[in-house]
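Novice: This is the structure I have questions about; it appears just below.
The values are calculated or read from the model by the stated rules, or taken from the named source; none is laboratory data. Remember, predicted model here, so these are calculated numbers, not experimental data. A quick note on method: Cβ atoms are made from the backbone with ideal geometry, for glycine too, and the neighbour counts reach across all protein chains shown.
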Amino acid sequence: MSESVSGGCLCGSVRYELSSVPESTYLCHCRNCQKAHSAPYAALSILPPENVTITQGEVARYERTSDGGNTTYRDFCSNCGTQLFSGSLVFSQIMSVKVITFDNPNLVNPSQHVWVESKVDWVCMNDQLPQNQTQQSSEEFSRELDEDR
Ligand SMILES: [Zn+2]
Ligand SMILES: [Zn+2]
């Protein structure tokens, strides 16, 4: 797992590197991911922030605070709008990186679907992966997803 991973936004302004291939990846059908990505769901890899280095450019940040007081952030390229990172200020020991922005998105395999309760009807899931109606059971993953659809 020592292989590094490189990625970046659509326009090339922002480039990043991960110190290793993320071990946890899931497909999120929450309303926030749907809207933020303008897509039916998002592929997210989870890793500690210290494993992520922005090697070129800088990201802009959108923050949103839920009724429960949890503030989540979404980092994106201010030039082309590509969503790159997200996480929670409360659970700051982990963050997520958008798999599709990897130079090679096939480096990881998703292990489950989360927030299936808000899945779009015409998305057909025949991949045999576990489907969680809300967030992943493991509490380490609960931060980004825990509230604010
Ligand atoms: Zn860009
Ligand atoms: Zn989500």
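Novice: Filter segment 1-32 down to the residues that are more than 16 Å from ligand 1 (Cβ to nearest atom), part of a loop (DSSP other than H, G, I, E, B) and among the aliphatic types (A, V, I, L, M), then identify the one that is surrounded by the most Cβ atoms within 10 Å (Cβ to Cβ).
Specialist: The selected residue is V21.
Novice: Among the residues of segment 27-57, which ones are within 10 Å of ligand 2 (Cβ to nearest atom) and closer than 15 Å to E117 by Cα?
Specialist: The answer is L27, C28, H29, C30, R31, N32, C33, Q34, Y41, A42.
For every residue, the table says whether it meets (1) at pLDDT below 95; (2) surrounded by fewer than 21 Cβ atoms within 10 Å (Cβ to Cβ); (3) part of a helix (DSSP H, G or I).
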{"site": "Q34", "(1), (2), (3)": "no, yes, yes"}
{"site": "Y62", "(1), (2), (3)": "no, yes, no"}
{"site": "R74", "(1), (2), (3)": "no, no, no"}
{"site": "S86", "(1), (2), (3)": "no, no, no"}
{"site": "N106", "(1), (2), (3)": "no, yes, yes"}
{"site": "P110", "(1), (2), (3)": "no, yes, no"}
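Novice: Follow-up question, since we're still on this one. Quick check: anything in segment 11-23 hydrophobic (A, V, I, L, M, F, W, C), farther than 30 Å from C124 by Cα, at pLDDT 95 or above and out of contact with any Phe, Trp or Tyr (no Cβ under 9 Å at 6 or more places or on another chain)? Even if it seems obvious, please write down each step before you answer.
Specialist: As a first pass, look at segment 11-23 and keep what is hydrophobic (A, V, I, L, M, F, W, C): 11, 14, 18, 21.
From the residues that got through so far, the ones that are farther than 30 Å from C124 by Cα too are 11, 14, 18.
Narrowing further to those that are at pLDDT 95 or above: 11, 14, 18.
Those left that are additionally out of contact with any Phe, Trp or Tyr (no Cβ under 9 Å at 6 or more places or on another chain): 11.
Yes: segment 11-23 contains one or more residues that are hydrophobic (A, V, I, L, M, F, W, C), farther than 30 Å from C124 by Cα, at pLDDT 95 or above and out of contact with any Phe, Trp or Tyr (no Cβ under 9 Å at 6 or more places or on another chain).
Novice: Could you tell me whether any residue of segment 43-61 is of a type in the set (S, T, Y) and closer than 30 Å to Q133 by Cα? Please lay out each step first, then the result.
Specialist: Restricting attention to segment 43-61, the residues satisfying the condition of being of a type in the set (S, T, Y) are 45, 53, 55.
Subsequent filtering for residues that are closer than 30 Å to Q133 by Cα retains 45.
Looking through segment 43-61, at least one residue is of a type in the set (S, T, Y) and closer than 30 Å to Q133 by Cα.
Novice: Keeping to segment 82-102, report how many residues are within 14 Å of ligand 1 (Cβ to nearest atom) and either over 13 Å from V14 (Cβ atoms) or over 15 Å from the mean Cα position of the chain (by Cα) (or both).
Specialist: Result for segment 82-102: 1.
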